[in-house]
Amino acid sequence: MEVVFLKKTFSGIIEDYKFGKSIEMMDRQMDISDEDKKNLVRLLKRLVDFGMTVPVEYDESNDIKNCKENNLSGTAINLLYLILTDECNFACKYCFIENGMPENYQFSHMSPAMAKKRIDLFADWSHHKKSKNKSILFYGGEPLMNQKTFKDAVLHIVKLVKQDKLPKNTDISMITNGSLITKEIAEFIRANGVGVGLSVDGMPETNNQCRVYKSGGGTFQSTWNGYSRLIDAGVDDIGISFTVGWHNIGNLLDNTKYVIDKFKVKSLGYNILMDSEHQIFADRDYARKASDEIIQCFEYLREQGIYEYRMMRKVEFFTNKKVYPNDCAACGRQVVALPSGEIGPCQTFMGSKKYFTKYKTGFSPYTDKTFAE
């Protein structure tokens, strides 16, 4: 797990050698002297010693097995998504959740009792494998359309932390569009240490192209009003959840600079468009353009001392020389609880409830086939 820097032209050499070459073949291709041939053999031996190249007949299956055993811990639940409601007061055009719902879908709200049950289960499951942090994330729809359950659930988490049933550093956070944040809610958030991820996609004219109310009206001002109430209440753990779509590709950096300057936050996370079960949002052209612009913005954000989640969580593993097996917590690190209590690995499927199951006594993500897969 060391870092090796190579010139870009070296990628062609790697590709050329990928399927193996003999010393004789290299000799013929390069037309080298006997002395250079000795140096080449010496170099190849060094590369073999370091494991950077192997004989053609080398069996890598044991290496893969050892790497897997040493670096892939299997299911290790440390994140709970609580879907307080699958209903939202916005109608964002790229929403992978609402666009994935079948016709005549009936929205629902999680009861305070159900929220407490799922938090208790998470507290129990999270003890199976220790990790540095445990996180509970309130999600939707728009979670603040179910404010009573939100408050009851937060207070229940705080109680479990005091009872040592959850770690002292358990992170409580919420992704919200901000439009329903009142003075009272803002003060409750501050009093209980809830982190807030505020969804906004750039300048008002850019944001309002996709982030709209069901009536079609723009939402930027409503989000700004919610942010202002958080600031007035003294909430300082605020980040931006920034979706990269066709409405802001092409001027992502300008939109990012605007948001950072206006909202004065220290963290931002870019969201890539996700296909719903019925609609394709992200093609190869989008992926390439989004990636290029996110990297450009990341360089700017680093200069400003802003933490960008999507890039930094990869960079941290890279600099710490650790295997980064997946970018998505649905690959064995999270459990999602729907409003009616069903449990699954990924919130994308809350509409169809694909991969979700009703909880039965004895169910565990550590033994369930879907979570294992």
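The values are calculated or read from the model by the stated rules, or taken from the named source; none is laboratory data. Just so we're clear, the structure is a prediction, and the values are computed from it rather than from any experiment. Don't worry about glycine lacking a Cβ; one is built from the backbone with ideal geometry, like all the others, and counts go over all protein chains shown.
Data overview
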quantity	calculated
Selection status of Tyr58, over 30 Å from His156 (Cα atoms), touching a residue at least 12 places away in the same chain (Cβ under 8 Å) and among the aromatic types (Phe, Trp, Tyr)	no
Complete set of residues in the stretch 12-41 that are within 46 Å of the chain's Cα centre (by Cα), more than 25 Å from Met1 (Cβ to Cβ), surrounded by 10 or more Cβ atoms within 10 Å (Cβ to Cβ) and not hydrophobic (A, V, I, L, M, F, W, C)	Asp16, Lys21
Residue in the stretch 173-183 that is in the same structural domain as Leu80 (by TED's automatic domain parsing), of a type outside the set (A, V, I, L, M, F, W, C) and closer than 30 Å to Gly74 by Cβ present	yes
Residue within the stretch 146-154 that is over 30 Å from Lys360 (Cβ atoms) and of a type in the set (Ser, Thr, Tyr) present	no
Some residue of the stretch 316-330 being surrounded by 13 or more Cβ atoms within 10 Å (Cβ to Cβ), over 18 Å from the mean Cα position of the chain (by Cα), free of Cβ contacts under 8 Å to residues at least 24 places away in the same chain and closer than 23 Å to Leu80 by Cβ	no
Segments classed as helices (runs of 4 or more DSSP H), wholly inside the stretch 159-276, with at least 3 members that are of a type outside the set (Gly, Ala, Ser) and without any contact (Cβ under 8 Å) to a residue 40 or more places away in the chain	204-210, 220-232
Any chance Gly226 is modelled with pLDDT of 95 or more and either basic (Lys, Arg) or crowded, with 16+ Cβ neighbours inside 10 Å (or both)	yes
Qualifying residue in the stretch 62-73 (condition: closer than 30 Å to Ile157 by Cα and touching a residue at least 40 places away in the same chain (Cβ under 8 Å))	yes
